[in-house]
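Q: Okay, here's the structure, questions in a sec.
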Amino acid sequence: MKDSNLFTIEYQLHGEPKSFIVRASQMNNAEAWHWASCDAGVAVIPKFGQHTLKRVSKPMAEKYGITQVRWSAATQVQWAEGLA
């Protein structure tokens, strides 16, 4: 399950820390800013196969109070086997 395409995105909305996990085929800084905007309710969440959606850029997101966007590959959960 190493190639699960799960990413953790952390950001601040008006100074309050937020984080979430998203499944995406790719992730980069521009995508992370757009997904943070979606989580904050500023941007539209794209429908499956919709490629013409306008992305929210970093300067536009910052106008709505979104700052310090960081992303990383989501960590794999280690389930404990055989617990009594």
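Q: Keeping to the stretch 4-48, report how many residues are in contact (Cβ under 8 Å) with a residue 40 or more places away in the chain and in contact with an Asp or Glu (Cβ under 8 Å, 6 or more places away or on another chain).
A: 2
Q: Still on this structure, please answer the following. Could you please let me know if Val69 is within 13 Å of the chain's Cα centre (by Cα), of a type outside the set (Lys, Arg), part of a strand (DSSP E or B) and buried (at least 17 other Cβ atoms within 10 Å of the Cβ)? Write out each step before concluding.
A: Values: within 13 Å of the chain's Cα centre (by Cα): yes; of a type outside the set (Lys, Arg): yes; part of a strand (DSSP E or B): yes; buried (at least 17 other Cβ atoms within 10 Å of the Cβ): yes.
Considered against the rule, which asks whether it is within 13 Å of the chain's Cα centre (by Cα), of a type outside the set (Lys, Arg), part of a strand (DSSP E or B) and buried (at least 17 other Cβ atoms within 10 Å of the Cβ), Val69 comes out as yes.
Q: So, one more: What do you reckon, is Ala36 among the aliphatic types (A, V, I, L, M), surrounded by 11 or more Cβ atoms within 10 Å (Cβ to Cβ) and part of a loop (DSSP other than H, G, I, E, B)?
A: On the way: among the aliphatic types (A, V, I, L, M): yes; surrounded by 11 or more Cβ atoms within 10 Å (Cβ to Cβ): yes; part of a loop (DSSP other than H, G, I, E, B): no.
Judged against the criteria, Ala36 is not a match.
Q: Going through the stretch 3-31 one residue at a time, which ones are acidic (Asp, Glu), in a strand (DSSP E or B) and exposed (fewer than 13 other Cβ atoms within 10 Å of the Cβ)? Step through it out loud before you land on a result.
A: Filtering the stretch 3-31 for residues acidic (Asp, Glu) gives 3, 10, 16, 31.
This time we only want the ones that are in a strand (DSSP E or B), so: 10, 16.
Result: Glu16, single match.
Q: Can you tell me which condition Ala43 does not meet? The list is (1) surrounded by 10 or more Cβ atoms within 10 Å (Cβ to Cβ); (2) modelled with pLDDT of 95 or more; (3) within 16 Å of Tyr64 (Cβ to Cβ), and all the others hold.
A: Every condition holds for Ala43 apart from (2).
The values are calculated or read from the model by the stated rules, or taken from the named source; none is laboratory data. This one's a predicted model, so the numbers in the text were calculated from it and none came from an experiment. All Cβ positions, even for glycine, are placed from backbone atoms using ideal geometry, and neighbour counts span all protein chains on display.
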